[in-house]
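Notes follow once the structure below has been shown.
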Amino acid sequence: MMATHSLNLLPKAFPPTLASSLRPNLLRFDSTRHRRSRRQNLSIRSVFTGIVEEMGHVKDLGLADHGGGGFDLKIGARVVLEDVKLGDSIAVNGTCLTVTHFDTEAFTVGLAPETLRKTSLEELERGSLVNLERALQPVSRMGGHVVQGHVDGTGVIVSMEAEGDSLWVKVRADKALLKYIVPKGFVAVDGTSLTVVDVSDEDSCFNFMLVAYTQLNVVIPTKKVGQKVNLEVDIMGKYVERLLLSMNNNTPQV
């Protein structure tokens, strides 16, 4: 018999009346099919730079009309709608999502159970601000670094301290992610390409600084200590680790 799991993936911000109306079996999924689909979707469809184009706002979120345990997220925006098409990829707080509907004022994306498990999007509520970036075009300037929109996990803001007009932000991350984060290296936080200043293995934390301009154009300063942020580490570190492991495994034993 195929293994199944029943998970509560309802965003915490949903009204109790909506949460109580959901049947548990709507959030069931087949783990065997889930693992197979993940293997089939490892190819990179879109690339981003981590340079946020605009901040949108959540207009609505709820169970998808088609059922199956997913959710729909409707976001009010302006810039990213200029040339949008169905099926386009837009990074929402650093999470690559597919446009399923749009009009002149908003677009809708679908959220799968795995997306809710791996990202901070479950904390969104109506009115929440979100970072938005369209997928990179071959003619675009590359102002940040290569961001896939594949969130590696979440971190938690542990401190936010002002220094003049700059803001220092400290984030705690799992050690499994922290090993890929290095001082003066790149990391995408809620889809924003940032330069790491310091890394503390002892505290399992890293920090970065936001200048005044960035503070006005990304969502990180609007969050509070204790809230989650999406993290995507620089993929170069993972490639190097994979290569070294492969080389070590192929070394003849003396």
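The values are calculated or read from the model by the stated rules, or taken from the named source; none is laboratory data. The model shown is predicted, which means the values in this text are computed figures rather than measured ones. Here the Cβ is made from the backbone with ideal geometry for all residues, glycine too, and neighbour counts use every protein chain on show. The protein model used for the area step is the full one, side chains on, heavy atoms only, and it has no ligands, DNA or RNA in it. Shrake-Rupley method; radii C 1.70, N 1.55, O 1.52, S 1.80 Å.
Residues in the stretch 177-202 that are touching a Lys or Arg at 6+ places or on another chain (Cβ under 9 Å) and in contact (Cβ under 8 Å) with a residue 40 or more places away in the chain: Tyr180, Asp190.
Scanning the stretch 225-239 for residues that are open to solvent by 80 Å² or more (accessible area, probe 1.4 Å) and modelled with pLDDT under 95 yields Met236, Tyr239.
Give the number of residues within the stretch 195-217 that are of a type in the set (Val, Ile, Thr), surrounded by 16 or more Cβ atoms within 10 Å (Cβ to Cβ) and closer than 18 Å to Asp165 by Cα. Total meeting the criteria: 1. Within the stretch 82-97, the set of residues being of a type in the set (A, V, I, L, M), open to solvent by less than 20 Å² (accessible area, probe 1.4 Å) and part of a loop (DSSP other than H, G, I, E, B) comprises just one member, Val84. For the stretch 115-155, taking the residues that are among the hydroxyl-bearing types (Ser, Thr, Tyr) and assigned to a loop (DSSP other than H, G, I, E, B), the one that is nearest to Ala77 (Cα to Cα) is identified as Ser128. For the stretch 152-166, the set of residues classified as within 21 Å of Asn230 (Cα to Cα), open to solvent by 20 Å² or more (accessible area, probe 1.4 Å) and of a type in the set (A, V, I, L, M) consists of Val156, Val158, Met160, listed by residue number. Just one residue in the set Thr108, Thr100 is assigned to a strand (DSSP E or B), open to solvent by 50 Å² or more (accessible area, probe 1.4 Å) and not charged (D, E, K, R); that residue is Thr100.
The rows are residues; the columns are (1) among the charged types (D, E, K, R); (2) touching a strand residue (DSSP E or B) at 6+ places or on another chain (Cβ under 9 Å); (3) within 16 Å of His57 (Cβ to Cβ).
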site	(1), (2), (3)
Thr104	no, no, yes
Ser128	no, yes, yes
Leu136	no, yes, no
Gln148	no, yes, no
Gly155	no, yes, no
Ser159	no, yes, no
Ala173	no, yes, no
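Tell me, which residue of the stretch 37-81 that is charged (D, E, K, R) and modelled with pLDDT of 90 or more is least open to solvent (accessible area, probe 1.4 Å)? Among them, the one singled out is Glu54. Residues in the stretch 215-246 that are farther than 21 Å from Val182 by Cβ and assigned to a helix (DSSP H, G or I): Gln215, Leu216, Asn217, Pro221, Thr222, Ser246.
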